[in-house]
1. Suppose we keep only residues that are part of a loop (DSSP other than H, G, I, E, B) and aromatic (Phe, Trp, Tyr) within region 1-56. Which one would you say is surrounded by the fewest Cβ atoms within 10 Å (Cβ to Cβ)?
2. Any residue that is more than 17 Å from residue 129 (Cα to Cα) and without any contact (Cβ under 8 Å) to a residue 60 or more places away in the chain - is there at least one of those in region 58-74?
3. Working carefully through the options 148, 172, find the one that is at pLDDT below 75 and within 13 Å of the chain's Cα centre (by Cα).
4. Would you say residue 96 is within 23 Å of residue 146 (Cβ to Cβ) and of a type in the set (A, V, I, L, M)?
5. Any residue that is among the small types (Gly, Ala, Ser) and within 11 Å of the chain's Cα centre (by Cα) - is there at least one of those in region 117-126?
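The values are calculated or read from the model by the stated rules, or taken from the named source; none is laboratory data. Worth saying up front: this structure is predicted, and the values here are computed from it rather than measured. Cβ coordinates were reconstructed from backbone atoms using ideal geometry, including for glycine residues, and neighbour counts include every protein chain displayed.
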Amino acid sequence: MASPAVDNVMDVALWFAEQARREDIYLQPQKLHRLLYLAHGYYAAAFAGRKLMPASFVAQETGPVEPNVFRVFEGRRPDIDLRPLKPEVENFLTRIWRKYAHHSTEYLNETVATHTPFRMALRRGVGEELAHKAIAVFFVDLVRDGGKPKLNPGVLRTQDGRTLQKWVPTAKPVARLSNKG
């Protein structure tokens with residue numbers, strides 16, 4: 001597999017933090033993690049599974065979290081110089097920023113809560129890692145399906161969540177008599 005496009009996850013996290021500072025937006029820590037996750041997934045979809053950054057996401061109750069970023073950004077923004085990114089990576093991150101930065105943290109949490117890789121990891125337990133391959137496959141499907149995640153392909157549900165069963169008649173059809181006469 002090709003090396004990640006960015007040397008470390010901190011460069012991407014700091015890029016998002018700097019973008020928020022430039023636009024005078026408070027970037028909540030949860031929102032930063034959702035942006036990192038979304039950028040990582042969409043990058044994998046756009047570039048045949050290639051990682052945007054060497055990152056591991058773990059399942060927490062609120063959504064996927066990158067534990068290194070969580071630790072470094074725990075108290076406040078770290079005093080680390082922002083390194084310039086490759087223009088193609090910066091353009092990609094700008095598109096992610098424009099698509100998701102205006103959404104609330106709650107909206108992003110609800111969105112990623114429907115993602116299969118996150119749900120699978122959370123089912124195994126809090127702190128379980130989301131597999132990169134599962135993230136890449138999910139985002140490829142997401143892009144192909146127009147941005148709407150499939151909750152469970154092939155299973156139809158009613159509005160109240162009940163699973164629909166295929167109806168199969170059990171009785172033989174009854175011959176109808178004609179009233180022609």
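1. Looking at the filtered set, the residue picked out is 26.
2. Filtering region 58-74 down to residues more than 17 Å from residue 129 (Cα to Cα) leaves 72-74.
Next, from what is left, pick out any that are without any contact (Cβ under 8 Å) to a residue 60 or more places away in the chain: 74.
Checking region 58-74: at least one residue is more than 17 Å from residue 129 (Cα to Cα) and without any contact (Cβ under 8 Å) to a residue 60 or more places away in the chain.
3. Going through 148, 172 in turn, just one is at pLDDT below 75 and within 13 Å of the chain's Cα centre (by Cα): 148.
4. yes
5. no
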